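Here's the structure, in structure tokens; my notes come after.
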């Protein structure tokens, strides 16, 4: 998976974000940034791409101080989950 990404899952940071969100409660971009050790602006950019492709969903949480959080939408997509599992070691080695 080298060169210019042609699908949202061709980028390792997006795969890392999806792995981070999969099977968890929604997380804010800052929480994701901390968990995957990437810059916040980089995480926000990749979350937008994933949201455009319907792979994550944006949620609002909080009453007085509203925070935007994201949740995975791939729970039933076995092919995507298999790709995330099969590329985990490769992605972690590149980090």
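A few points about this structure:
- Residues that are modelled with pLDDT of 90 or more, within 18 Å of residue 88 (Cβ to Cβ) and either out of contact with any strand residue (DSSP E or B) (no Cβ under 7 Å at 6 or more places or on another chain) or in a helix (DSSP H, G or I) (or both) occur in the stretch 22-35; there is at least one.
- Taken over the stretch 37-59, the criterion of being assigned to a helix (DSSP H, G or I) and surrounded by fewer than 19 Cβ atoms within 10 Å (Cβ to Cβ) is satisfied by 40, 41, 42, 44, 45, 48, 49, 51, 52.
- Counting the residues of the stretch 60-89 that are in a loop (DSSP other than H, G, I, E, B), touching a strand residue (DSSP E or B) at 6+ places or on another chain (Cβ under 8 Å) and modelled with pLDDT of 80 or more gives 1.
- The residue pairs whose first member lies in the stretch 59-84 and is farther than 14 Å from residue 8 by Cα, whose second member is surrounded by 10 or more Cβ atoms within 10 Å (Cβ to Cβ) and modelled with pLDDT under 75, and whose beta carbons are closer than 7 Å, counting only pairs six or more residues apart or on different chains, are 67/61; 69/61.
- The test for being surrounded by fewer than 19 Cβ atoms within 10 Å (Cβ to Cβ) and either touching a residue at least 60 places away in the same chain (Cβ under 8 Å) or touching a helix residue (DSSP H, G or I) at 6+ places or on another chain (Cβ under 6 Å) (or both) does not hold for residue 28.
The values are calculated or read from the model by the stated rules, or taken from the named source; none is laboratory data. Small disclaimer: the values here were computed from a predicted structure and weren't measured. Heads up, the Cβs are rebuilt from the backbone with ideal geometry, glycines too, and the neighbour counts pull from every protein chain shown.
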